[in-house]
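See below for the structure under consideration.
The values are calculated or read from the model by the stated rules, or taken from the named source; none is laboratory data. Owing to the predicted nature of the structure, the values given are computational and were not obtained by experimental measurement. We place every Cβ from the backbone using ideal geometry, glycine too, and count neighbours over all the protein chains shown. Quick note on the areas: whole protein, heavy atoms, side chains included, nothing else; ligands and nucleic acids left out. Shrake-Rupley method; radii C 1.70, N 1.55, O 1.52, S 1.80 Å.
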Amino acid sequence: MLANYGYTDGSGEYFITVDTDKCVECEGRPCAGACPAGVIEIITDDYDDQVCAVRDEHRKQIKYSCAPCKPASGWKTLPCTDACPHDALTHSW
Amino acid sequence: MITAGIDIGAKTIKVVVVKDGELVGKGIVLAGLDTKTALDGVVKEALEAAGGLSLDDIDFILGTGAGRQEVSFANDQVTEVSADAKGACTLIPSARTVIDVGAEEGRAVRCRDDGKVEDFAVNEKCAAGAGTFTEAMARALEVDLEELGAMALRSTQAVPMNAQCTVFAESEVVSLLHAKTPKEDISRAVHDAMASRITSMVRKVGFQKDVVLVGGLARNPGFVQSLKRGLESDVLVPSDPEYVGAYGAALIAAERVQEGR
Amino acid sequence: MAVEFWRWKEYNWHDPEADPRAAEVLSVGIDVGSVSSQAVIMADGKLFAFSNMRTGSDSPESASKALAWALEDTGLTLEDLHYAVGTGYGRVNVPFAQKAITEIACHARGANFMYGPAVRTVLDMGGQDCKAIHCDEKGKVRAFLMNDKCAAGTGRGMEVMADLLSVPIEEVGEMSLDVDEEPPPVSSTCVVFAKSEASGLLRQGWPKNRVLASYCSAMAHRVCALLERIGIEESFAITGGIAKNSGVVSRIEKELGVEALKTETDSQIAGAAGAALFARALYLKSKSGN
């Protein structure tokens with residue numbers, strides 16, 4: 001499943017996409033621990049799979065929650081996507 | 001040398017006249033429906049205040065703000081980011097981070113000691129990140145906008161506000177009122193929510209002291225307090241914070257004349 | 001305010017022909033949304049009764065009210081029901097539900113039931129959110145996206161506009177289609193800014209139907225952009241309150257070049273219907289486990 005967490009508003013489009021089929025295969029799921037802002041967690045989804053997800057309290061503000069990893073002066077890599085061994089995580093912005 | 005800066009924002013028009021580095025005249029007016037008439041009126045007012053000048057006496061006029069292209073008689077235009085930085089750093093030379101929160105936009109600018117911009121971030125096209133948000137919340141709370149900020153200072157406890165959208169926040173405020181939450185605490189929640197959005201923008205540009213807040217929201221003591229709490233830093237507010245953009249534009253206009261541009 | 005233009009009709013329904021007491025499993029799904037709540041009762045996986053009403057300030061109470069209303073005149077009581085699943089924004093606060101399941105999974109399953117197994121893309125336009133879901137022939141989610149941060153593209157946004165123009169919400173769609181020529185869409189995404197823009201258009205002398213056309217077209221354009229993120233696969237269905245707004249639906253169909261499936265059932269009950277189907281499956285599973 002491709003889970004898109006985030007939103008679009010007047011200012012733009014902000015989504016973190018998780019390919020949960022890859023999470024199911026993943027051992028250790030290091031993404032959650034890698035995020036300095038605590039945005040990512042591991043949940044049991046509706047189909048009883050252990051997958052990575054964006055924490056509920058961050059879903060409506062990921063533009064702000066993820067801002068420290070995305071300085072205006074330019075950023076190259078993100079701790080969450082770097083940590084993911086299966087390239088299951090992508091940011092839309 | 002006499003120059004002028006005209007800042008056409010979403011809600012108000014600000015005009016500043018500068019003579020040899022000194023601010024000699026200023027004026028502010030609601031943009032309203034007929035921007036052109038409002039603009040002509042406020043320019044006249046500022047020129048009057050500057051000692052009865054006429055447009056012909058001005059060496060250079062720079063337009064700034066979201067509606068800057070509407071100043072048909074301007075010699076050129078400058079972005080509000082550059083104007084804010086120049087204005088704020090001239091008024092408060094220690095300023096390194098300038099935050100401008102107006103009616104429809106929020107901006108954070110990191111600048112050098114000479115007022116040149118190093119980095120900036122803008123929050124736009126979403127009412128939740130700008131003054132419109134506090135206006136809507138004042139309406140939902142049925143208090144005057146002026147009163148809203150002062151009310152927050154009397155809050156005794158922090159209550160969470162979950163909505164990130166102005167429209168949804170209106171409903172949330174109504175629910176909080178139904179739940180008998182004191183208006184003072186709701187007001188603080190409103191300003192804390194605004195401030196957290198602005199704070200993250202400031203961190204994005206790389207926060208450096210001193211922090212100067214300009215724009216209409218700088219007049220709101222509740223917002224200033226929330227911002228200080230959010231940034232864990234003091235926040236300096238110049239007198240007449242809504243004029244800083246227009247003032248900066250007038251100063252940049254003077255530089256351009258000197259450089260012969 | 002004397003007239004509440006946003007207010008839509010609340011109602012309940014049950015199948016007078018059916019004999020629910022003959023059913024092996026009576027399952028119930030409750031969808032407590034931020035604006036509306038629905039209760040759906042299924043007899044052996046077949047739609048038996050439902051209610052559709054506005055959510056009150058207290059979500060457990062809204063859930064109970066919705067269920068009581070669905071049960072009305074059916075001869076059934078809460079004790080007759082075998083399993084209940086809660087979904088929607090208030091899903092964890094449904095007092096009588098044995099389990100809570102996300103609205104994404106429930107909508108996919110409900111759409112599969114209401115529109116048939118050919119449904120691959122579901123667009124749910126609710127009161128305070130907008131969801132786009134890809135599902136397989138069993139109604140299992142393959143991809144989803146949910147936007148509940150911003151009022152643009154939601155029923156709440158449409159309510160704001162109906163209120164501004166003093167047009168009953170149920171008439172917005174038809175009225176917006178009554179224009180000779182499609183006006184340019186409202187340029188602001190943000191509902192607050194779109195509202196000022198619409199006020200400006202009215203002051204310029206635009207008739208209400210033209211302003212509504214402009215807003216419906218902006219809303220359609222916006223949700224199409226959201227759909228692009230997960231892609232469109234046919235068949236396509238629209239659920240939720242906005243599915244009843246012909247002005248938005250026809251403009252979405254036009255922009256996507258795809259026709260939305262029609263249903264005779266209320267488009268707002270998809271989430272609760274899906275929850276009732278999950279409830280049935282969970283009950284059967286629990287029984288076979290014993």
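In degrees from 0 to 90, rounded to the nearest 10, what is the angle of the helix B:221-231 Cα long axis to the longest principal axis of chain B? With both axes taken from Cα atoms, the answer is about 80 degrees. Each of C:Ala225 and C:Ser187 was given a label point 7 Å from its Cα along the Cα-to-Cβ line. The distance between the two points is 1.4 nm. In the stretch C:60-179, inverting the average of 1/r over every pair of distinct C-alpha atoms gives 16.7 Å as the Kirkwood radius. Of the residues making up the stretch B:163-179, those losing 40 Å² or more of accessible area when the isolated chain is joined by the remaining protein chains, with a 1.4 Å probe, are B:Gln164, B:Val167, B:Phe168. If you look at the Cα atoms of the stretch C:1-78, you get an Rg and a Dmax of 13.7, 49 Å. Normalising the average separation of contacting C-alpha pairs (under 8 angstrom, six or more residues apart) by the number of residues puts the relative contact order of chain C at 24 percent. Buried surface between chains A and C: roughly 1700 Å² of accessible area, summed over both sides, computed with a 1.4 Å probe on protein heavy atoms only. Remark on C:Gly126: its backbone amide H falls under 5 Å from those of C:Lys131, C:Gly155, a criterion applied only to residues 5 or more positions apart or on other chains, H modelled at 1.01 Å from N. Restricting the calculation to Cα atoms, every distinct pair contributes to the Kirkwood radius of chain C, found to be 19.3 Å.
A Förster radius of 45 Å, combined with the Cβ-Cβ distance separating C:Glu234 from C:Glu79, puts the computed FRET efficiency at roughly 0.55.
Each peptide among C:263-274, C:25-36 gets the average number of other Cβ atoms lying within 10 Å of its residues, and from highest to lowest they stand as C:25-36, C:263-274. C:His14 sits among other residues whose Cβ lies under 9 Å from its own Cβ, and their net charge, with Lys and Arg +1 and Asp and Glu -1, is -3. Interface size, chains B and C: roughly 1100 Å² of accessible area buried, both sides included, 1.4 Å probe, rounded to the nearest 100. Interface residues of the stretch B:125-146, defined as a loss of at least 30 Å² in heavy-atom accessible area between the chain alone and the complex of all protein chains with a 1.4 Å probe, are B:Lys125, B:Cys126, B:Ala127.
Let's test the formula: R0 of 45 Å, r as the Cβ-Cβ distance of B:Lys180 and B:Val257. What FRET efficiency results, to the nearest 0.05? Taking R0 as 45 Å, the efficiency between B:Lys180 and B:Val257 is 0.15.
Pairs of Lys residues in the stretch C:118-260 that lie 8 or more places apart, or on two chains, and have C-alpha atoms under 25 angstrom apart add up to 15.
Counting only protein heavy atoms and a 1.4 Å probe, chain B has 41 square angstrom of accessible area per residue. For the protein assembly as shown, the fraction of C-alpha pairs farther apart than 44 angstrom is 27 percent. Normalise the Debye intensity by I(0) for chain B, one equal point scatterer per Cα, no solvent, then take log10 at q = 0.11 Å⁻¹ and round to two decimals. Treating every Cα as an identical point scatterer, log10 I(q)/I(0) equals -0.59. When the alpha carbon gyration tensor of the stretch B:94-237 is reduced to an equivalent ellipsoid, the three semi-axes, largest first, read 27, 14, 12 Å.
Highest GNM mean-square fluctuation among B:Gly149, B:Gly32, B:Gly65, for chain B modelled with Cα contacts below 10 Å: B:Gly32. Here the contact order of chain B, divided by its residue count and restricted to Cα pairs under 8 Å and six or more residues apart, works out to 24 percent.
Relative to the longest principal axis of the Cα atoms of chain B, the long axis of helix B:35-49 lies at roughly 70 degrees. Between B:Leu33 and B:Glu48, full extension at 0.36 nm per residue minus the direct alpha carbon distance yields a gain of 3.0 nm. Buried surface for the A/B pair, taken as the accessible area of each chain alone minus that of the pair with a 1.4 Å probe, is close to 1000 Å² in total.
Of the complete DSSP H runs in chain C, those spanning 24 angstrom or more by Cα along the long axis with a mean Kyte-Doolittle score not below -0.5 are C:208-230, C:270-289. Here is the P(r) of chain A: all C-alpha pair distances, binned every 10 Å from 0, give 17, 53, 26, 4, 0 in whole percents. Here the protein assembly as shown has 48 percent of its accessible surface on carbon and sulfur atoms, given a 1.4 Å probe and all protein chains in place. On the basis of the beta-carbon distance and an R0 of 41 Å, B:Thr156 and B:Gln208 show a calculated FRET efficiency of 0.75. With a cut-off of 10 Å between beta carbons, the residues surrounding A:Gly12 carry a summed charge of -1, where Lys and Arg count +1 and Asp and Glu -1.
Threshold 50 Å², probe 1.4 Å: give the residues of the stretch A:50-74, in number order, that are less accessible with all protein chains present than with their chain alone. At a threshold of 50 Å² (probe 1.4 Å), the residues of the stretch A:50-74 that become less exposed are A:Lys60, A:Tyr64, A:Ala72. The relative contact order of the stretch C:118-260 comes to 32 percent, based on Cα pairs under 8 Å that sit 6 or more residues apart.
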